[in-house]
1. Give the residue that is nearest to G206 (Cα to Cα), with candidates limited to residues of region 49-104 that are hydroxyl-bearing (S, T, Y) and touching a strand residue (DSSP E or B) at 6+ places or on another chain (Cβ under 9 Å).
2. Regarding G237, is this residue at positive phi, in contact (Cβ under 8 Å) with a residue 60 or more places away in the chain, in the same structural domain as D144 (by TED's automatic domain parsing) and out of contact with any helix residue (DSSP H, G or I) (no Cβ under 8 Å at 6 or more places or on another chain)?
3. Would it be correct to say that Q128 is at pLDDT 95 or above, surrounded by 12 or more Cβ atoms within 10 Å (Cβ to Cβ) and farther than 25 Å from F233 by Cβ?
4. So in region 223-248, with the set limited to residues that are surrounded by fewer than 20 Cβ atoms within 10 Å (Cβ to Cβ) and assigned to a loop (DSSP other than H, G, I, E, B), which one is farthest from the chain's Cα centre (by Cα)?
5. Taking the condition part of a helix (DSSP H, G or I), of a type in the set (A, V, I, L, M, F, W, C) and either within 16 Å of the chain's Cα centre (by Cα) or within 21 Å of F52 (Cβ to Cβ) (or both), does V172 pass?
6. Taking the condition part of a loop (DSSP other than H, G, I, E, B), in the same structural domain as K203 (by TED's automatic domain parsing) and aromatic (F, W, Y), does Y131 pass?
7. Being part of a loop (DSSP other than H, G, I, E, B) and surrounded by 18 or more Cβ atoms within 10 Å (Cβ to Cβ) is the filter here; which residues of region 80-108 pass it?
8. Restrict the check to region 188-208 and report whether at least one residue is buried (at least 22 other Cβ atoms within 10 Å of the Cβ), closer than 25 Å to H93 by Cα, assigned by TED's automatic domain parsing to the domain that holds Q68 and of a type in the set (G, A, S).
Amino acid sequence: MSKRTYRRTEKGSVLILILVAVSLFGALSFTVAQMLRTGDAEGVGERQARIFGDEILAIAHQYRQAVQTMRVANGCEAEDISFETSALTGYAHTPAAADECKLFDSNGGGVSYIAPAADWLDEGQGAQTGYGEIYFTGRTCVVDVGLGGVGCNAAADDEELLMVVPYVLREVCEQINTHVNVDNVSDTPAQINGNAVNFSANKFTGTYSDSYQVDKAEFRGKMAGCFEGTGAFTPAGTYHFYQVLIAR
């Protein structure tokens, strides 16, 4: 073999090695990226779950602050708050709400509706009513928040104005509780007693009434938290984040 032929062969071999190395590096980078995003094959990783939990809490904080501003600056009563938006159905306020009391109006809360990101949610619950939406209700009392005493009181106006993100991942739920100082039970979100919400009904349209409770020691007095469901409307093995927008 001539030196020239040898050099061409050598260069070709080096080029092949470089291409193989680039290919392997790309595959490795993709694998690492997937590991950082999902943690492991069983579910989302702790770091990513913490990020998702922080995103949910940031939206909840934004909405709560906007509601408080409407009450103070615009004079909106607790019954006046409206969640009407083209992105959701079932929130037409009765009587018609003033723009200044609409959360998603530039003259009111001045915030945009942000649908839950797919990454936050348990895709296995995708067929459930309420999946992929933020839910607002005035039918739930959170024990020891506002007027709600132990067990709440059916005769009192103690139902909160509540925002709920349904069907979040358990890992995200755990991280949210850690952030807001709600105790997880054996590293798992506490399961409430009975139904806390009914995503098929009771959307807030201006009326508060006694229907459901967030009643468990871990959530007493907590303005925000994430619980495991139980009962017909929020089945066991499903996880739901709540934020009190107005305590009553």
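1. Initially, region 49-104 is screened for residues hydroxyl-bearing (S, T, Y), giving 63, 69, 82, 85-86, 89, 91, 94.
Keeping just the survivors that are touching a strand residue (DSSP E or B) at 6+ places or on another chain (Cβ under 9 Å) gives 63, 82, 85, 89, 91.
Numbers: Y63: 17, S82: 7, T85: 15, T89: 15, Y91: 9 Å.
Once the filter is applied, the top-ranked residue is S82.
2. Details: at positive phi: yes; in contact (Cβ under 8 Å) with a residue 60 or more places away in the chain: no; in the same structural domain as D144 (by TED's automatic domain parsing): yes; out of contact with any helix residue (DSSP H, G or I) (no Cβ under 8 Å at 6 or more places or on another chain): yes.
Spelling it out, it is not the case that G237 is at positive phi, in contact (Cβ under 8 Å) with a residue 60 or more places away in the chain, in the same structural domain as D144 (by TED's automatic domain parsing) and out of contact with any helix residue (DSSP H, G or I) (no Cβ under 8 Å at 6 or more places or on another chain).
3. Working: at pLDDT 95 or above: yes; surrounded by 12 or more Cβ atoms within 10 Å (Cβ to Cβ): yes; farther than 25 Å from F233 by Cβ: no.
So Q128 fails the test.
4. R248
5. On the way: part of a helix (DSSP H, G or I): yes; of a type in the set (A, V, I, L, M, F, W, C): yes; either within 16 Å of the chain's Cα centre (by Cα) or within 21 Å of F52 (Cβ to Cβ) (or both): yes.
So V172 passes the test.
6. Working: part of a loop (DSSP other than H, G, I, E, B): yes; in the same structural domain as K203 (by TED's automatic domain parsing): yes; aromatic (F, W, Y): yes.
Taking the combined requirement at face value, the residue satisfies it.
7. Step one: list which residues in region 80-108 are part of a loop (DSSP other than H, G, I, E, B), which gives 80-81, 83-98, 103-108.
D80, I81, F83, E84, Y91, H93, A97, L103, F104, D105, G108 - these are the residues of region 80-108 that are part of a loop (DSSP other than H, G, I, E, B) and surrounded by 18 or more Cβ atoms within 10 Å (Cβ to Cβ).
8. Yes: one or more hits.
The values are calculated or read from the model by the stated rules, or taken from the named source; none is laboratory data. None of the values given here were measured: they were computed from a predicted structure. When we count neighbours, we look across all protein chains shown, and the Cβ atoms used for this are built from the backbone with ideal geometry, even at glycine.
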